[in-house]
Every structure is written in structure tokens, then in C-alpha cells.
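K.L.:
First the structure, which I've put down as C-alpha cells, then a few questions once you've had a look.
The values are calculated or read from the model by the stated rules, or taken from the named source; none is laboratory data. Computed from a prediction, not measured in an experiment: that's the story for all the values here. So basically every Cβ, Gly included, is an ideal-geometry build from the backbone, and we count neighbours across all protein chains shown. Just so you know, the surface numbers come from the protein's heavy atoms only, side chains and all, with ligands and any DNA or RNA stripped out. Shrake-Rupley method; radii C 1.70, N 1.55, O 1.52, S 1.80 Å.
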Amino acid sequence: MATISREFTHVHVEQPGAPSVMTMAQSTLAMPAEGQVTIKVYAAGVNGPDIKQRVGAYPPPAGASPIIGLEVAGEIVALADDVTQCQVGDKVCALVPGGGYAELVNTYAAHCLPIPTGYSFVQAAALPETFFTVWGNLFIRGGLKAGETVLIHGGSGGIGTTAIQMASRLGAKVFATSGSDEKCQYCLDQGASVAINYNEQQFVEPILAATEGVGVNVIMDIAGGDFINENLKAIATEGRMVSVAMQRGPQATIDIFRIMAKRVVWTGSTLRPQSVANKAQIAQGLAEHVWPLLNNGDMNIPIDSVFPFSQVVKAHELMESGKHKGKIVLDLQA
């Protein structure tokens, strides 16, 4: 195993609160455990769960680093003795169970993917968390297939952008919602066939009109709350609805008969607590089906803003404002 300094700088949260609670601190990283690698981080993605962790609403699972951050890009600098699929010096992007806002992080080798052709570290850092989330929910749990229709709420965010591109490139017809006409145009630019401004009109009627009354086969929902019952109106018979967030609230009044009458399957998941094996399965699916689209340029996730590591507070302020379109990334080399 290569010998490196285990001292590193990372973002520290003394107590839950506003973005200003984040400061820089120094720590010593443990050696990688069985199946793990150590990555020297050059860029880290900023995501909604990071905000929730900072305010104390999304604690890390047992054994995970308490440092915020779920996705990174960088260079492997150390390996556990049992790791054979990676080598020191490999340039990778990776899903991490925590610890992404740091100069060094340990994660599982099975959760690393190569930097796509032509991608910078900043571009690659915008991929893992949303790609794992979308593939695991929309394609594994939701079973989306080519030729089907899908409704994606919050289409202009990181998850929405990824879902629109991935679904459309793999042969589905995409409907999306977002909160402004500008963001709806952005959704169309990413590959949606129809984009609906939910602040201007209800989304159910346009979807039923566009599907000749049938509804959509799959719904990927980040909204929750009052959108759930509307989803059940817009979904097709034998449809599948996948919940991945609750931006409009965790509670909903449900017309259970619609679920029964349409034989709807309603599922959902959170990514972080899933097993190492489950995440490895998602990584394998991405490598087989999605990474070729990145390598040949058929997918290209837009990055809204890049902040130097020292400006992590500003990055979180932008994320909380909801004004971004696409991903927000921290550049540790800036």
C-alpha cells in the first residue's frame, strides 16, 4: 500500500444550523478498511442531503464519516489489501457514505467509477450521488423501460436533470415539472418532451391530454405532500411511483382507491443507508448502461456553479435558494 500523509482538511459543523456553522478543521484519516480505497479529493458535489445533514435532519448511518459530502472526484492514493479492481493512481468519481467535503476520503472500491472521457474532476464530481439515486430508483425500483412514459418532478435540479437526460437517452418519453417558465425551458433543453410550470397550472390535465387519457407509466417524485394525490391522477394503470424526496412535505392525504383501481406500485428509497452490495449493484448498472452515454457525449450534466472549497458556505446558500439549474460543485484545487 502506498504511504501517504493521513492528515487532511475538511468541513466541520460544530452544531446544526445555518450555512455559517460550517468551518474548516484538520483531522487524521483512518486507513481504508476491507474493500475500501482512499481518494485524494479534487472536487466534491453539493446535494440536498448535505443541507439536511448540516441542519441536523439527516444524520450519517452507523460507521459513516460525520463529515458532510456524498460524492467526490479525485485520485486513488491507497488501497485495502483485498482490493483488486482499482489501482493507486486511478482517476475516479465515487459515491461516499460521508466525508466528501474533505481533502481525503475513504470509500468502497465497488462504488468508484472511472472519470468519463473528456471530463474534468469538477464535471465528474457532479455525477455519482444523482446518478446512483436515479438509476437505483427510476430504473431498478421503478423499472422504467424504453418506450414508456415518465413524469419527473423538480426537473431543473440535480436529480431532475440527471433523470431527464438518463430517461430520454435510454428511450423513454419524459414529462417534467418545474417552478418557472425559465426552468421549464431548461427541462426541455435536457430532453423532456413536455415541461409544466406547476406554479402556473396543475400538471395532471396536460399529462392526460398528452397521453390521450392514459397517464404516465412511471413517476419519479421529489415533491411528496400535496403532489402525491395528483400523481395518482396522472399515473397510468399498472403504473409505478417512486418517492425520493419530500420537498412539499412528508405527509399526504391519499385516495387509496386510486392505488387499488389502477393497481399502482408505490415505492421509494434513500440511498445513503443502503448496503455496500446494493450500491455496488447500482454502480455496475451505471457502468454498463450509462457510462457509455457519458463517454460518447450523449449525456452531459450541466453545472450551475463551482465554488472554491473555502466558499462552501456560499455553495450551501445557493443550494438552499433553489435558484440553481443543474449541479453545484466544490473545487478543492481552486
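K.L.:
Take the cross-link list Lys173/Lys325; Lys40/Lys279; Lys183/Lys233; Lys145/Lys314; Lys262/Lys325; Lys52/Lys145 and give me the ones stretching past 29 Å between alpha-carbons.
P.N.:
Lys145/Lys314; Lys262/Lys325; Lys52/Lys145
K.L.:
Explain nothing, just compute: Karplus ³J(HN,Hα) = 6.51 cos²θ - 1.76 cosθ + 1.60, θ = phi - 60°, for every residue of the stretch 322-334 in order, whole Hz, x for Gly and Pro.
P.N.:
For the stretch 322-334, the Karplus-derived couplings read x, 8, 7, 10, x, 9, 10, 10, 9, 9, 7, 9, 6 Hz, x marking Gly and Pro.
K.L.:
Please give the net charge around Gln274, taking every other residue with its beta carbon less than 14 angstrom from that of Gln274, where Lys and Arg add +1 and Asp and Glu add -1.
P.N.:
+2
K.L.:
What are the extents of the Cα atoms of the stretch 181-333 along their three principal axes, listed from largest to smallest and rounded to whole Å?
P.N.:
55, 40, 34
K.L.:
Right, something else. If I ignore ligands, DNA and RNA and count only protein heavy atoms, how much of Ser20 is accessible to a 1.4 Å probe, in Å² to the nearest 10?
P.N.:
In the full protein context, Ser20 sits at about 90 Å².
K.L.:
Hey, what did the stretch 240-334 get for relative contact order, percent, Cα under 8 Å, at least 6 apart?
P.N.:
With pairs under 8 Å counted, the relative contact order is 23 percent.
K.L.:
Please list 3J(HN,Hα) in residue order for the stretch 266-273, calculated via the Karplus relation 6.51 cos²θ - 1.76 cosθ + 1.60 where θ = phi - 60°; whole Hz, with x for glycine and proline.
P.N.:
Calculated HN-Hα couplings, in order: 10, 9, x, 6, 10, 7, 4, x Hz.
K.L.:
For the ranges 35-46, 295-306, what's the packing order if you count other beta-carbon atoms within 10 Å of each residue, average per peptide, and put the highest first?
P.N.:
Ranking, from highest mean packing down: 35-46, 295-306.
K.L.:
Does the stretch 19-163 classify as rounded, prolate or oblate by the C-alpha gyration tensor (a ≥ b ≥ c root eigenvalues; a/c under 1.5 gives rounded; else a/b over b/c gives prolate, otherwise oblate)?
P.N.:
It comes out oblate by the Cα gyration axes.
K.L.:
When a/c is below 1.5 the answer is rounded, else prolate if a/b is larger than b/c, else oblate, so apply that to the stretch 81-182 with a ≥ b ≥ c taken from the square roots of the Cα gyration tensor eigenvalues.
P.N.:
Prolate, because a/c is 1.5 or more and a/b exceeds b/c.
K.L.:
Averaging over every viewing direction, what projected area does the convex hull of the Cα atoms of the chain cover, in nm²?
P.N.:
Here the figure is 16.0 nm², rounded to one decimal.
K.L.:
Could you list which residues have their amide H under 5 Å from that of Ile219, counting only those 5 or more apart in sequence or on another chain, with H placed in the peptide plane?
P.N.:
HN-HN under 5 Å from Ile219: Leu151, Arg240, Met241, Val242.
K.L.:
Name the long-range amide H neighbours of Gly268: under 5 Å, sequence gap of 5 or more, or other chain; modelled H, no Pro or chain starts.
P.N.:
Amide H neighbours of Gly268: Ser243.
K.L.:
For the chain, what is the mean residue ellipticity at 222 nm derived from helices alone (per DSSP H run of n ≥ 4: -39500 (n - 2.57); sum divided by total residues; nearest 500 deg cm²/dmol)?
P.N.:
Result for the chain, helices only: -7000 deg cm²/dmol.
K.L.:
Quick one: check the C-alpha center-to-center distance for the stretch 236-293 versus the stretch 1-65, whole angstrom.
P.N.:
Cα centres, the stretch 236-293 to the stretch 1-65: 27 Å.
K.L.:
Right, another one. Which angle from 0 to 90°, rounded to the nearest 10, does the C-alpha axis of helix 276-285 make with the longest principal axis of the chain?
P.N.:
70 degrees
K.L.:
What residues have an amide H closer than 5 Å to that of Lys173, excluding those fewer than 5 places away on the same chain, when H is modeled at 1.01 Å from N in the peptide plane?
P.N.:
Under 5 Å from the amide H of Lys173: Gly147, Glu148, Thr149, Val150.
K.L.:
Additional query: Using θ = phi - 60° and the Karplus form 6.51 cos²θ - 1.76 cosθ + 1.60, what ³J(HN,Hα) does each residue of the stretch 166-172 get, whole Hz, x for Gly and Pro?
P.N.:
Values, residue by residue: 5, 5, 5, 5, 9, x, 9 Hz.
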